[in-house]
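A short write-up of the structure that comes next.
The values are calculated or read from the model by the stated rules, or taken from the named source; none is laboratory data. As the structure is a prediction and not an experimental result, all values here were calculated from the model. Using ideal geometry, Cβ is built from the backbone for each residue, glycine included, and neighbour counts are taken over all protein chains shown. Just the protein is used for accessible areas: all its heavy atoms, side chains included, with ligands, DNA and RNA removed. Shrake-Rupley method; radii C 1.70, N 1.55, O 1.52, S 1.80 Å.
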Amino acid sequence: MIYHRLVTALGAVVLGALVTLSSPALLPRALAQVSVLTNKYDNTRDGLNSSESLLTLANVTSSQFGKLNTSNVDGYIQAQPLYMYGLSINGGTHNVVFVATLNNSVYAIDADTGAQLWQANLGTPVPSGTEGCSGVTGFNQIGILSTPVIDSTTNTIYLTTKTYGTGSGPAAYSLHALDVTSGLEKFGGPVPIAATIGTLTFTPLNYIQRPGLLLSNGNLYLGFGSNGCDLSARGWMFAFSASNLSQMAVTTMQPDNSYGSSIWQSGVGPAADSSGNLFLSTANGLFNFTANDLGDSVLKMSVGPKGFAIEDSFTPFDQANMASNDLDLGSAGPILLPSQTGSLTPNLLVASGKDADIYLINRDRMGGYNPSGNTQIVQYLPAALLGELFGSPLYWNNFVYLLAHQDYLRAYSLSTDGTGVTSLSTNPVAKTVGKLTNFGLPVISANGTSNGIVWLVRNVSGVPKLSAYDAVTLFLLYDSGQAAGGRDTLGTIGHFATPTVVNGKVFAGTQTQLVTYGLFPAIVPTTGNGQTGNAGTTLPVALTITANNPYTGLPISGVPVTFSDGGKGGLFSNPNGNTDSNGQASTTYTLPKTPQTVTITVTSSGYAPATFTETGVVGPVASLSTVSGGKQSGTVGTTLPLPIVVKAKDAFGNVVPNAPISFTDGLGGTFSPNPANTGSNGQASVTYTLPTVAKTITVTASDGSVTDKITESALPGPATSINIVQGNNQTAHVHNLLPKSLIVAVVDQYQNGIAGLTLTFSDNNAGGTFSTTMPVTNSAGKATVTYTTPSTAQTVTITASYSTLTPAAFTETVIP
């Protein structure tokens, strides 16, 4: 046996046992599963499925969510689709959607494939020409209009039909109990729905059974109102035994001999608490509580051996104005809020209607009628909405939602202060960006207190569309018109039709089809996501995706997939492939040559795509080049006027930032800073102070693996001294050439010779002769002369002078 979660007819979530599944692969994986057995999910009518674990804020997007299939039907589906999980039917186990049409047909449809499991037609519907009011309702026929209810303990679906030309008049109403596994009648059904109270007789032609059926404490409750034109119609409420379809009680909301006080609530069924008390709102009509005329009121009712009883009520102070201006409170039904911890009024309901006011009412003491105002209830928010409310409010996670016609979808917070007073925020805490024209009635899905989503069918430029909104921000998440090519087209629907969101799917009834929306089979990253590699290199881990069914979790083989980086220039080893028996497909990926973050998508028709995010960064330095600062000249020991700038690039020409570059000259010059880190442009810049050696210098820039050579020139400084290099202290005979040339060097402070200087040699009138008295220093700063001794023996002092420098003095000896 396996267990799943059921939303029961009492609105509680309980564990229910299912028989062993014959085809478990066809059913959702082991997640909390729910069955939707009644209108608006449970008898609180709060419109909330709080056990939706598959649909999330992240995946309800047009790329991952959309139309899955359609199932043809024979007329408008006005009733909210119902759903049973894991039902044994037609020899197998299926998830089943039950829909009913205005053509009086009931369908059991496989919720996963869209295949029809059975159909039952329950008679000819009443045509609009006979019914009247087609211009108000928009229907061309009336058959099954209200949402049925399912008793999962007996596998019975209960519903009402309106048939043509049967019984004693042109129309008749019947209550049916069908076996959910076959569509066959049960419990002796169908039974006629008929009543007479005093002089009032229920005449089916004048009525529509619009509110969803209520199953509570073994009884079925059916509410009736006018056919739309109030043609001699009034509100009626019937109670039948669910076990044998016998009529248990009947009452009218307006026994006075006039029309009014209909029960319609735009199709929302009466609510019920766990004690079996009913809660509903009536439409415009007479109000005289002592005469049981109960127009424009919120009623708390019970049924006992003596029939129906009004246990409590609330009637707005301006009921007479509401009645005369068609501002009926009964256009929307009340919802029962969860018990409010710490509140002086823990059991509350919220009501509203065409009057656009909001009423927060204590279910244990509803307040009755106060002609002076609505001060007797917990909270009254007048004119809170911009339009008429149809259907009912919604509730989730301490928020109450209301969507009036052509108004914003609004969320009000619900809280209890330190004194125990519970109230709604006076202004909405969130609302949609624009006003909405809603066709259907909204519902909410959530996984407990997370992933709240408001679903509704709205009119966008005359086209019905299924839309989903973040329940916290009320920002649009999804719209069935977002996908290209009309992929998610909904189709024509009747007003007040309500979608059903359950177990990862959305079921919406239209004029001719049940349309199923849900999650597409998904392609998800398995390995290789989030890697970083050098630009132009192959990532170390292959990119692998898995195609799987989001409802079973099983892999899907044979799926053709395409890997793409959107034209970024990377290379795939296998850009097109098919998933294997494990549902997987892989490819290697070579990053583009330009560093960047690359988004890789993996797509397949009909599948939600996968996304990989990979990062290409610059590779190591592969080359260094001089940008500026080369071929400069400067005096030894000084700093060159321009910095030396080099650029680092990787193998693909991308500049490399943050690379430390070291500079050397082998001569003792200094660089600052050293090493220098390249900036975002790949450039490293240093200042260079020349060494004290005057020469042409080769500066080497290196990151440790590659180098760049830069040529600079160090020039000597100003002359500081004249030094004798050769020829001092020689001896020679008169009229002879000294054996060695006289050589001096003119140097700077670092002993670098200075070229191009003209010196003056003199023997101070000793009578000798020089090869030249004004030699010029060569590249080494040296000046050379020869000297022929005078004709007399003597000691000769020869001087070599330049500018203001101290001359160099040679001492030579001349002998006879």
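What the table below lists for this structure:
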item	result
Cα-based shape type of region 199-346, given that a ≥ b ≥ c are square roots of the gyration tensor eigenvalues and the cut on a/c is 1.5	oblate
Estimated FRET transfer efficiency (Ala291, Thr611; beta-carbon r; R0 56 Å; 0.05)	0.25
The chain - Rg (one decimal) and Dmax (whole number), Cα, Å	48.4, 175
Computed FRET value (nearest 0.05) for Ser721 with Ser625, which takes r as the C-beta separation and R₀ as 41 Å	0.45
For region 620-680 versus region 487-549, the gap between their alpha-carbon centres in whole angstrom	54
For a label point 7 Å along the Cα-to-beta-carbon line of Glu311, residues of region 244-272 with backbone N under 15 Å	270-272
Phi-based couplings in Hz for region 532-544 (Karplus 6.51, -1.76, 1.60; Gly and Pro marked x)	10, x, 5, 3, x, 9, 8, 4, x, 10, 5, 7, 10
Those residues of region 740-759 whose amide nitrogen sits under 19 Å from the label point placed on Ser801, 7 Å along Cα→Cβ	743-747, 757-759
For Val627, residues with placed amide H under 5 Å, excluding near neighbours	Val645, Val646, Lys647
In Hz, Karplus ³J(HN,Hα) per residue of region 67-78 (6.51, -1.76, 1.60; θ = phi - 60°; x = Gly, Pro)	6, 9, 6, 9, 10, 6, 9, 9, x, 4, 9, 9
Solvent-accessible area per residue, Å², over the chain with all protein chains present [probe radius 1.4 Å]	38
Inter-centroid distance (Cα atoms) of region 714-731 relative to region 380-455, Å	102
Rh (Kirkwood; distinct C-alpha pairs) - region 495-561, Å	15.5
Nitroxide proxy distance, nm - points 7 Å out along Cα→Cβ at Ser564 and Val524	2.4
Per-peptide average of other Cβ atoms within 10 Å, ordering 261-271, 570-580, 64-74 highest first	261-271, 64-74, 570-580
Extension gain from Asp470 to Ala793, taking 0.36 nm per residue of separation minus the Cα-Cα distance	104.3 nm
Mean Cβ neighbour count within 10 Å, used as a protection proxy, ranking 395-408, 188-201 highest first	395-408, 188-201
Listed pairs Lys67/Lys465; Lys465/Lys505; Lys647/Lys695 exceeding 19 Å between Cα atoms	Lys647/Lys695
Inter-part distance where region 200-262 and region 318-367 are each reduced to a Cα centre, Å	21
For Tyr478, distant residues with modelled amide H under 5 Å away	Ala468
Packing rank of 492-502, 461-471, where each peptide gets the mean count of other beta carbons within 10 Å, highest leading	492-502, 461-471
Residues whose placed amide H lies under 5 Å from that of Ile89, excluding near-sequence neighbours	His94
Inter-site label distance for Gln406 and Ala484 at 7 Å from Cα along Cβ, in nm	3.6
Three-way shape label, region 581-668, alpha-carbon gyration tensor, a/c 1.5	prolate
Spin-label pair Thr597/Asn578, simplified geometry with 7 Å Cα→Cβ offset, distance in nm	3.7
Residue-level accessible surface for Met248, protein heavy atoms, 1.4 Å, Å²	100
The chain, accessible surface, carbon-and-sulfur percent (1.4 angstrom probe)	51
Extended-chain gain in nm, criterion 0.36 nm per residue less alpha-carbon gap, Thr201 and Thr638	145.5 nm
Förster-model FRET efficiency, 45 Å R0, Ser779 and Leu571, C-beta, rounded to 0.05	0.15
Extended-chain gain in nm, criterion 0.36 nm per residue less alpha-carbon gap, Asn217 and Asn325	35.1 nm
Rule-of-thumb Rg ratio for region 497-536 [Cα; 2.2 N^0.38 Å; N residues]	2.18
³J(HN,Hα) computed for each position of region 654-661 - Karplus, 6.51 cos²θ - 1.76 cosθ + 1.60, integer Hz, glycine/proline x	7, 5, 10, x, 6, 9, x, 10
